[in-house]
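*Asks:* Starting off with a structure, shown below.
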Amino acid sequence: MFDHDAAAPLAGAIATVIIFAAVGSAALAIYRLCFSPLALARVPGPKIAAVTAWYEFYWDCVQQGRYLFKIEQMHQKYGPIVRINPWEVHIQDPSYWDTIYTNNKIDKDAWFYRAFGDNRGTVGTGPWDLHRRRRAAMAKFFSAANVARLEPKVLAR
């Protein structure tokens with residue numbers, strides 16, 4: 001009735017896929033915990049949050065949006081800077097903001113801005129130098145003097 005010899009290759013293929021998935025997941029977890037770029041590996045926080053986005057998904061979806069409160073608990077346990085998922089850090093202390101949000105020449109992540117369609121506009125420009133040139137061309141329209149001059153026209157509408 002059932003040919004065990006014919007099922008053996010399928011079982012072997014399934015086992016191979018499972019083994020590769022397990023090894024790949026373990027390698028990704030080790031990378032995110034130990035070798036993550038931009039010193040994220042050194043940021044304190046729950047290891048499960050550093051390894052997978054499922055932790056955030058659980059608190060946001062299963063626990064009905066309570067991740068914000070979980071982040072507050074993380075800050076109480078780990079300090080003012082906490083890793084909340086494999087790609088993000090949450091900062092509770094405003095004194096760190098000037099350190100983080102500096103005027104450094106950093107290119108924007110192109111993958112993020114491509115999600116909004118055409119990225120040839122000023123806001124979605126990835127390379128820092130190109131963004132600076134586009135922003136400079138528009139800066140005069142947003143100067144304090146020009147905004148004050150146009151304010152009555154805007155308020156009249």
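What follows is calculated from the coordinates using simple rules that are stated; it is not laboratory data. Since the structure is predicted, the reported quantities are computational estimates derived from the model, not experimental observations. Note that each Cβ is placed from the backbone with ideal geometry, even for glycine, and that neighbours are counted across all protein chains shown.
*Asks:* So if each residue of separation counts as 0.36 nm, and I subtract the Cα-Cα distance between Ala156 and Tyr78, what length gain in nm does that give? Don't skip to the answer; put the middle values down first.
*Replies:* On the way: separation 78, 0.36 × 78 = 28.08 nm, distance 5.18 nm.
This chain segment gains 22.9 nm when fully extended.
*Asks:* Here's a follow-up. Putting +1 on Lys and Arg Cβ atoms and -1 on Asp and Glu Cβ atoms, find which of Tyr101, Leu33, Ile18 reaches farthest to the positive end of the dipole of the range 17-107.
*Replies:* Ile18
*Asks:* Further, regarding this structure: Between Ala21 and Ile91, what length comes free when the chain is fully extended (0.36 nm per residue of separation minus the Cα-Cα distance, one decimal in nm)?
*Replies:* Numbers: separation 70, 0.36 × 70 = 25.20 nm, distance 3.36 nm.
Difference between extended and current length: 21.8 nm.
*Asks:* Which whole number of Å³ per residue matches the convex hull of the alpha-carbon atoms in the range 37-102?
*Replies:* Expressed per residue, the convex hull around the Cα atoms of the range 37-102 is 87 Å³.
*Asks:* Using unit Cβ charges (K, R positive; D, E negative) and no other charged atoms, how large, in debye to the nearest 20, is the dipole of the range 37-102 about its Cα centre?
*Replies:* Using only the charged Cβ atoms, the result is roughly 260 debye.
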